[in-house]
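Engineer: Following this message is one structure expressed as structure tokens.
The values are calculated or read from the model by the stated rules, or taken from the named source; none is laboratory data. Values in this document were obtained by computation on a predicted structure and should not be read as measured data. Cβ coordinates were reconstructed from backbone atoms using ideal geometry, including for glycine residues, and neighbour counts include every protein chain displayed.
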Amino acid sequence: MDNSIFTGQIQSVMQKLMFSLLDRLIKKLDADGQTSQTTTTAAQSTASTTFGSQPVTGDFSSLINQAAQKYNVDPALVQAVVKAESNFNPNAVSSAGALGLMQLMPGTASDLGVTNPLDPAQNIDGGVRYISRLLTHYNGDVKLAVAAYNAGPGAVDRYNGIPPYQETQTYVTRVLGYFNSSKEWQA
């Protein structure tokens, strides 16, 4: 068994529990009139990097929402990655050999246990699991996780931030643009 997957799942459950308890505490303090605006704002900004936004709609939404909940990733982020990677084409194949909706490289797909990267369910599940790992590795920093999804975590770690590659910088801007615009629709 891959211990990193197991560890990621435990971290995901613990994170959900922590935010649930934090939410209860804030509600209790609010009811007692003891909550400050600073506490509420800090909790809301921390919670925004985890699953909890509205489910997405559109192409492959049930698969996206299911995997997002399973791996504690915002479904709007997953949808933004799918749009940027393949524009929702489950048969997409890049010139570099990346496959499917989330454009998994064959080695990455294999590491994630994805046996058929062109199967939308397997591709999305594997891609979201990978995003979840990256979010954990980068302490919830969506920009760095998205950059690592494109350029690889080695490049992000080597440059201690978004690599100076034009492709990666454009990719991060595009994904975050899709992600932020979907957040505005949900607000």
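Engineer: Within the range 101-112, how many residues are part of a loop (DSSP other than H, G, I, E, B) and either touching a residue at least 60 places away in the same chain (Cβ under 8 Å) or on the phi < 0 side of the Ramachandran plot (or both)?
Structural biologist: 4
Engineer: Restricting to the range 134-146, what's the tally of residues that are out of contact with any Leu (no Cβ under 9 Å at 6 or more places or on another chain) and either buried (at least 18 other Cβ atoms within 10 Å of the Cβ) or of a type in the set (A, V, I, L, M) (or both)?
Structural biologist: Residues meeting the conditions: 1.
Engineer: Against the condition of a type in the set (Ser, Thr, Tyr) and assigned to a loop (DSSP other than H, G, I, E, B), how does Thr136 come out, does it pass?
Structural biologist: Taking the combined requirement at face value, the residue does not satisfy it.
Engineer: From the list Tyr138, Tyr165, Tyr149, which residue is of a type in the set (Phe, Trp, Tyr) and in contact (Cβ under 8 Å) with a residue 24 or more places away in the chain?
Structural biologist: Tyr149
Engineer: Also, quick follow-up: So for the range 42-55 (the condition being assigned to a helix (DSSP H, G or I) and at pLDDT 95 or above), does at least one residue qualify?
Structural biologist: No, the range 42-55 has no match at all.
Engineer: Moving to a separate point now. Is it true that some residue in the range 160-167 is surrounded by 14 or more Cβ atoms within 10 Å (Cβ to Cβ) and closer than 26 Å to Gly113 by Cβ?
Structural biologist: No, because not a single residue in the range 160-167 is surrounded by 14 or more Cβ atoms within 10 Å (Cβ to Cβ) and closer than 26 Å to Gly113 by Cβ.
Engineer: Among the numbered conditions (1) within 14 Å of the chain's Cα centre (by Cα); (2) assigned to a helix (DSSP H, G or I); (3) not charged (D, E, K, R), tell me where Thr168 comes up short.
Structural biologist: Only one criterion is unmet by Thr168, namely (1).
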